[in-house]
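Asker: Below you'll find the structure I mean.
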Amino acid sequence: MFFLKAVQTNIKQFMQYRNSFLISIAIHPFILLVNIFLYRSIFAHNGTEEIKGYTLSEMIWYTAGITFVWIFIWNFAERRISDYIVTGDLSIHLLKPINIFWFELYSAVALRITGILLEFVPDLIIYSLIYPPDFLTALSLLKFVVVCIMSFCLFFLINYLIGMTAFALKSNSGLNEFVYISMNLLGGGLIPLDFYPAWLQRVCDFLPFKYIFYYPIQVFLNKDSVSSWGSWGEIVLAQLAWIIGGFVLCHLLWKVAIRKFCAVGG
C-alpha cells in the first residue's frame with residue numbers, strides 16, 4: 001500500500017513540475033546533437049572508424065547511455081538520511097511501523113519508476129529518431145534494464161551509507177561530492193574506462209563504480225565482450241555480490257550508529 005502511494009505521490013510531483021520535465025525533454029536531445037557533432041569531428045580528424053574499440057555510433061550512444069543510467073538510479077537517500085539525523089526527525093521515523101531503510105528504498109523505487117516512464121522511454125524514442133541505434137536489439141535492451149535495476153540497488157546502498165556518515169560528520173556534503181566525482185571518474189560515468197591507462201583500469205576493477213555505469217552501458221551497446229549470456233551473467237553476479245556486501249554493511253553500521261543517536265524535542 002505504501003509503495004503504491006509513493007508512486008502516486010511522485011507522479012503528482014512530476015505533474016506539478018511539468019515545465020521542468022518538458023525542459024529536460026528538450027535539453028536531452030540537444031545534448032545528443034552536440035555529442036553527434038563533437039564525435040563526428042573527432043573521428044573525422046583522426047581518420048578512423050574506431051577509437052579504442054568504439055565506433056562513432058557507439059561513442060555517441062555511450063554518452064546517451066550515461067543519461068539513461070542516471071535516470072534509472074538517481075535518488076536522494078543520502079540527503080534524506082542526513083537531514084533526518086541532523087534535524088532530529090529520525091526519532092519520528094523510528095516510531096513508524098516500517099523500517100527506515102525500506103521506507104527510503106520504496107520511496108526511491110517509486111521515484112525511479114516515475115522517471116523511467118516519463119524520462120527514459122521518451123528519451124529513448126526521441127534519440128532513436130535522431131540517431132538510430134543500429135546495435136540495439138530487444139534482448140540487449142532487456143539485459144540493460146536488468147543490470148540497471150541492479151545498478152540502482154548498488155547506488156542506493158552507497159547513498160544510504162553516505163547518509164549515515166551524518167551520525168559522525170553532521171555535514172557530509174563534502175564527502176558526498178567526493179564520492180560522486182569518484183563514481184563518475186572511476187565508474188565510466190564520463191568516458192569509457194577503456195580510454196584510461198592500464199594501471200587506472202586495474203584500480204577501477206577493485207571498486208563497485210564500474211558496475212553502476214560502465215558495464216550497464218556496455219550491455220546497452222551490445223558489445224561483444226558482454227553480449228553472451230555467460231558474460232552478462234558474470235556482471236549480474238558481481239553486481240549482486242556488491243549489493244549483498246553493501247546491504248550487510250548498512251545493517252551493521254546502522255546498529256552501531258543508532259545507539260549513539262540522540263534527539264531533543266521542543
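The values are calculated or read from the model by the stated rules, or taken from the named source; none is laboratory data. Please read these numbers as outputs of a predicted model, since none were measured by experiment. Quick reminder, even Gly has a Cβ in these numbers, built from the backbone with ideal geometry, and neighbours come from all protein chains shown. Side chains are part of the model used for accessible areas, which takes the heavy atoms of the whole protein and leaves out ligands, DNA and RNA. Shrake-Rupley method; radii C 1.70, N 1.55, O 1.52, S 1.80 Å.
Asker: Residue check: is Ala241 modelled with pLDDT under 90 and either of a type in the set (Val, Ile, Thr) or surrounded by fewer than 15 Cβ atoms within 10 Å (Cβ to Cβ) (or both)?
Answerer: For Ala241, the condition - modelled with pLDDT under 90 and either of a type in the set (Val, Ile, Thr) or surrounded by fewer than 15 Cβ atoms within 10 Å (Cβ to Cβ) (or both) - is not met.
Asker: Taking the conditions exactly as written (surrounded by 22 or more Cβ atoms within 10 Å (Cβ to Cβ), closer than 19 Å to Ser57 by Cβ and at pLDDT 95 or above), does Phe144 satisfy them or not?
Answerer: The answer is yes for Phe144.
Asker: Of Asn172, Asn222, Asn184, Asn176, which residue is buried (at least 22 other Cβ atoms within 10 Å of the Cβ) and among the polar types (S, T, N, Q)?
Answerer: Exactly one of Asn172, Asn222, Asn184, Asn176 is buried (at least 22 other Cβ atoms within 10 Å of the Cβ) and among the polar types (S, T, N, Q), namely Asn172.
Asker: Report yes if Tyr54 is hydroxyl-bearing (Ser, Thr, Tyr) and open to solvent by 30 Å² or more (accessible area, probe 1.4 Å), otherwise no.
Answerer: No; evaluated as a whole, the condition is false for this residue.
Yes or no, residue by residue, for (1) in contact (Cβ under 8 Å) with a residue 60 or more places away in the chain; (2) outside any loop (DSSP other than H, G, I, E, B):
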{"position": "Tyr106", "(1), (2)": "yes, yes"}
{"position": "Leu111", "(1), (2)": "yes, yes"}
{"position": "Gly115", "(1), (2)": "no, yes"}
{"position": "Asp123", "(1), (2)": "yes, yes"}
{"position": "Pro133", "(1), (2)": "yes, no"}
{"position": "Val146", "(1), (2)": "yes, yes"}
{"position": "Asn159", "(1), (2)": "yes, yes"}
{"position": "Gly163", "(1), (2)": "yes, yes"}
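Asker: May I ask you to list the residues in segment 61-114 that are among the small types (Gly, Ala, Ser) and either under 30 Å from Arg40 (Cα atoms) or open to solvent by 30 Å² or more (accessible area, probe 1.4 Å) (or both)?
Answerer: Ala64, Gly65, Ser91
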